[in-house]
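What follows is a single structure, written as C-alpha cells, with notes after it.
The values are calculated or read from the model by the stated rules, or taken from the named source; none is laboratory data. This one's a predicted model, so the numbers in the text were calculated from it and none came from an experiment. A quick note on method: Cβ atoms are made from the backbone with ideal geometry, for glycine too, and the neighbour counts reach across all protein chains shown.
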C-alpha cells in the first residue's frame with residue numbers, strides 16, 4: 001500500500017461499561033434517557049434465560065418494560081413490521097430501546113428505533129446501492145426512498161455475542177424479502193442511532209455454543225484485519241485492530257474449547273468491541289465483507305462463517321498491495337512478520353476453531369456465483385478494499401471458495 005496520510009475524525013463515543021454482571025445495572029443507564037424499556041432480542045437469547053435477570057432488575061427498580069423477541073438470525077423486513085407494531089402498542093413516550101443479543105438483534109433494533117418515531121413500518125429508510133456502467137458503485141443510488149425527519153428513540157446495547165460489534169455504530173443491515181427469488185441486504189446509516197450506553201457483560205456470552213463462538217470470533221478477526229488494511233486506515237484504528245487480533249489469536253481457541261472460561265469470554269468481548277471501534281473510525285471494511293454479505297442474504301448463512309470462508313481467498317488477492325500490513329497481522333497472530341505467514345496463520349486458526357468450510361458446504365453451487373457476484377460488487381464495503389476487483393475477479397474468488 002502506498003504511503004498515505006488519511007484524514008479521519010472520531011465521533012463522540014458511547015458510554016461503555018465492562019465487567020461481569022453489569023447487565024443487571026441496566027435501570028440506572030435507562031433513567032437518563034427515559035422511564036420505560038422496550039427490550040429487543042431473539043427467541044434463542046430469550047429462551048436461554050439471558051433476559052429474565054435483566055428484566056427482574058428493571059422490575060425491582062420500578063421500571064415498566066416489555067420484551068420483543070421476533071428477530072431472525074439475518075433480520076428481515078418482516079421482523080421490522082412486527083417490531084414497529086409492538087413498540088407502537090407499548091408506547092413511544094419515555095421509551096428507551098434496549099438491545100440484548102448479537103448483531104442481528106442490534107441491527108434490527110436500531111432500525112425499529114428509527115422507524116417507529118418516523119411512522120414507518122417498512123424498510124424504506126434503508127437502501128441498496130446499484131452499479132454504474134463500469135461495475136462500480138453508482139453514488140447516485142446511495143439514498144433511501146424515505147428520509148427520517150425525526151431522530152430515533154435512544155438505545156442501549158447489551159451484546160450477547162463477541163462478533164459484529166454493531167453496538168459501536170449507528171448503522172445496520174436488514175434483509176429485504178419482498179422478492180422471494182432474491183433476498184438482498186439493505187443498509188441504513190444514522191449516527192444518532194449509536195447506542196447511548198453499552199454494557200459489556202461477559203457472563204452473557206458463556207452459554208453460546210462453540211460453533212457460534214467460532215463464527216463470531218472470525219467476524220472479529222475479519223473486522224480487525226480489514227480495518228488495518230483498508231484504504232481508510234488510520235493510526236487510531238490500527239492500534240485497536242492489531243490488539244484485537246492479538247486477543248483473538250490467544251483467546252478464541254480457548255473460548256471455543258471451553259465456553260465457561262470467563263477470562264476468555266471477557267477478552268473476546270473486548271476484542272470484538274475494539275475491532276468495532278477500529279472499523280467505525282473510517283469507516284473501513286473491505287472485500288471480505290462485500291463477498292460475505294451476499295452469502296448471508298441469499299443462502300441464509302451465519303455472517304461470521306461467510307467471512308471465515310472468504311477471508312483467506314481475499315487475503316491472497318490483496319497480498320501484494322498490502323504486504324507490509326499483512327506482515328503486521330502475522331506478528332499480531334503470533335507468527336512470522338510476513339504476509340504469507342499471516343495468511344497461513346488465519347487458515348490455521350480457522351481450522352482450529354472449525355470454521356474452515358468451503359462455499360459449497362454453505363449451500364452454494366456454481367449456479368449461485370453470478371448472483372453472489374452481482375451483490376458483492378454493489379456492496380458498499382467494497383469501496384474501501386485495498387485492491388478493487390473486476391467482476392471477473394470477484395467471480396473467480398467465489399469459484400475458488402466453492
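Against the list (1) surrounded by fewer than 24 Cβ atoms within 10 Å (Cβ to Cβ); (2) touching a helix residue (DSSP H, G or I) at 6+ places or on another chain (Cβ under 9 Å), the condition residue 241 fails is (1).
Taking residue 276 as the residue in question, decide whether it is closer than 25 Å to residue 360 by Cβ and crowded, with 24+ Cβ neighbours inside 10 Å. For residue 276, the condition - closer than 25 Å to residue 360 by Cβ and crowded, with 24+ Cβ neighbours inside 10 Å - is not met. Considered as a group, the residues in segment 293-319 that are surrounded by fewer than 23 Cβ atoms within 10 Å (Cβ to Cβ) and without any contact (Cβ under 8 Å) to a residue 60 or more places away in the chain include one that is nearest to residue 209 (Cα to Cα), and that residue is 312. Scanning segment 13-23 for residues that are surrounded by fewer than 16 Cβ atoms within 10 Å (Cβ to Cβ) and outside any strand (DSSP E or B) gives 13, 19, 20, 21. For the structure I just gave you, tell me whether residue 295 is assigned by TED's automatic domain parsing to the domain that holds residue 359, assigned to a helix (DSSP H, G or I) and more than 18 Å from residue 245 (Cβ to Cβ). It is true that residue 295 is assigned by TED's automatic domain parsing to the domain that holds residue 359, assigned to a helix (DSSP H, G or I) and more than 18 Å from residue 245 (Cβ to Cβ). Going by the conditions given, is residue 3 under 25 Å from the mean Cα position of the chain (by Cα) and modelled with pLDDT under 95? Answer is no for this residue.
Yes/no per residue for (1) farther than 27 Å from residue 121 by Cα; (2) out of contact with any strand residue (DSSP E or B) (no Cβ under 9 Å at 6 or more places or on another chain):
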residue: 9; (1), (2): yes, yes
residue: 15; (1), (2): yes, no
residue: 18; (1), (2): yes, no
residue: 34; (1), (2): no, no
residue: 48; (1), (2): yes, yes
residue: 61; (1), (2): yes, yes
residue: 93; (1), (2): no, no
residue: 101; (1), (2): no, no
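With respect to being touching a helix residue (DSSP H, G or I) at 6+ places or on another chain (Cβ under 7 Å) and not assigned by TED's automatic domain parsing to the domain that holds residue 135, residue 363 fits the description. Any residue at all in segment 86-93 that's in contact with a helix residue (DSSP H, G or I) (Cβ under 7 Å, 6 or more places away or on another chain) and modelled with pLDDT under 95? No, because not a single residue in segment 86-93 is in contact with a helix residue (DSSP H, G or I) (Cβ under 7 Å, 6 or more places away or on another chain) and modelled with pLDDT under 95. The listed residues are 279, 188, and the only one of them that is within 18 Å of the chain's Cα centre (by Cα), closer than 21 Å to residue 323 by Cα and either assigned by TED's automatic domain parsing to the domain that holds residue 102 or assigned to a helix (DSSP H, G or I) (or both) turns out to be 279.
Just so you know, in segment 219-236 the residues that are at pLDDT below 95 and assigned to a helix (DSSP H, G or I) include one that is surrounded by the fewest Cβ atoms within 10 Å (Cβ to Cβ), and it is 235.
If you go through segment 371-389 and keep only what is assigned to a loop (DSSP other than H, G, I, E, B) and within 18 Å of residue 139 (Cα to Cα), you end up with 378, 379, 385, 388, 389. Of the strands (runs of 3 or more DSSP E) lying entirely inside segment 31-113, those carrying at least 1 residues that are surrounded by fewer than 24 Cβ atoms within 10 Å (Cβ to Cβ) are 36-40, 64-68.
Answer yes or no as to whether residue 165 is farther than 23 Å from residue 91 by Cα and either touching a residue at least 40 places away in the same chain (Cβ under 8 Å) or over 18 Å from the mean Cα position of the chain (by Cα) (or both).
Against the criterion (farther than 23 Å from residue 91 by Cα and either touching a residue at least 40 places away in the same chain (Cβ under 8 Å) or over 18 Å from the mean Cα position of the chain (by Cα) (or both)), residue 165 qualifies.
The conditions are (1) farther than 29 Å from residue 372 by Cα; (2) part of a loop (DSSP other than H, G, I, E, B), and residue 198 fails exactly one of them. Which is it? If we test residue 198 against (1) farther than 29 Å from residue 372 by Cα; (2) part of a loop (DSSP other than H, G, I, E, B), just (2) comes out false.
Got at least one residue in segment 291-301 being at pLDDT 95 or above and closer than 20 Å to residue 228 by Cα? Taking every residue of segment 291-301 in turn, at least one turns out to be at pLDDT 95 or above and closer than 20 Å to residue 228 by Cα. Would a scan of segment 139-152 turn up a residue that is within 30 Å of residue 18 (Cα to Cα) and either assigned by TED's automatic domain parsing to the domain that holds residue 286 or under 17 Å from the mean Cα position of the chain (by Cα) (or both)? Checking segment 139-152: not a single residue is within 30 Å of residue 18 (Cα to Cα) and either assigned by TED's automatic domain parsing to the domain that holds residue 286 or under 17 Å from the mean Cα position of the chain (by Cα) (or both). Residue 264 falls short on exactly one of the conditions (1) in a helix (DSSP H, G or I); (2) closer than 23 Å to residue 204 by Cβ; (3) touching a residue at least 24 places away in the same chain (Cβ under 8 Å), and that condition is (3).
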